[in-house]
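Trainee: This is the structure I want to talk about, given as structure tokens.
What follows is calculated from the coordinates using simple rules that are stated; it is not laboratory data. Fair warning: this is a prediction, and the values are worked out from it, not measured in the lab. Please note: Cβ atoms are built from the backbone with ideal geometry, for glycine as well, and neighbour counts cover all protein chains shown.
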Amino acid sequence: ISFGFFHRMMHDIPWIYKNVHRTHHEHQTPRTQTNLHFTWIDLFMEGSFPVYLALASLTAMGVGPNRLEMWFLIAPMIYYESSSHTGKEIPIVTWIPPFSPLVDYFTGCDQRLIEYHTVHHQLYRCNYSISPWLDKLMGTYRIDLPEAYNSATAAEKQDS
């Protein structure tokens, strides 16, 4: 949730987008190296800080993970986030990779995940979260590009 909040903030505040997050969006069609194309501030705001908030929240509730459990929580997230930038549909991209066909069958939560993130890189104003469920809840979910989509036009709108 914090990732989605910070990511949307980076898009909604023009100065932050231009000076912090725009570097990541130089790739309109995500590919593996897109997940490594960040400014250090962006990487902190979208990577380290949300993980810290999640772990601190669990600890405050008295269910904080030990070091081994912490890595079992973080490793799938890194895999999931990295996979969402491959630019190719991968059938095992979900929060629980070995069970992804079952997760998609029963929840439909991560279907078309790569396309979901590609649409974000092309339209900028939708699909802010790591997983579609939060965008579906917030009304910012888009999966199809409009017929009249023009990537140059979208980039110009973001610059203004």
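Trainee: Using the beta-carbon distance between residue 143 and residue 66 and R0 = 41 Å, what value does 1/(1 + (r/R0)^6) give for FRET efficiency, to the nearest 0.05?
Mentor: Efficiency, rounded to the nearest 0.05: 0.60.
Trainee: Same structure again: With θ set to phi - 60°, apply the Karplus curve 6.51 cos²θ - 1.76 cosθ + 1.60 along the stretch 40-52 and write out the HN-Hα couplings as whole Hz, x wherever there is a Gly or Pro.
Mentor: Using θ = phi - 60°, the values come out as 5, 5, 4, 4, 5, 5, 9, x, 5, 5, x, 5, 4 Hz.
Trainee: Separate question: Long-range amide H contacts for residue 129: which residues qualify at under 5 Å (H placed 1.01 Å from N, peptide plane, sequence gap of 5 or more or a different chain)?
Mentor: 135
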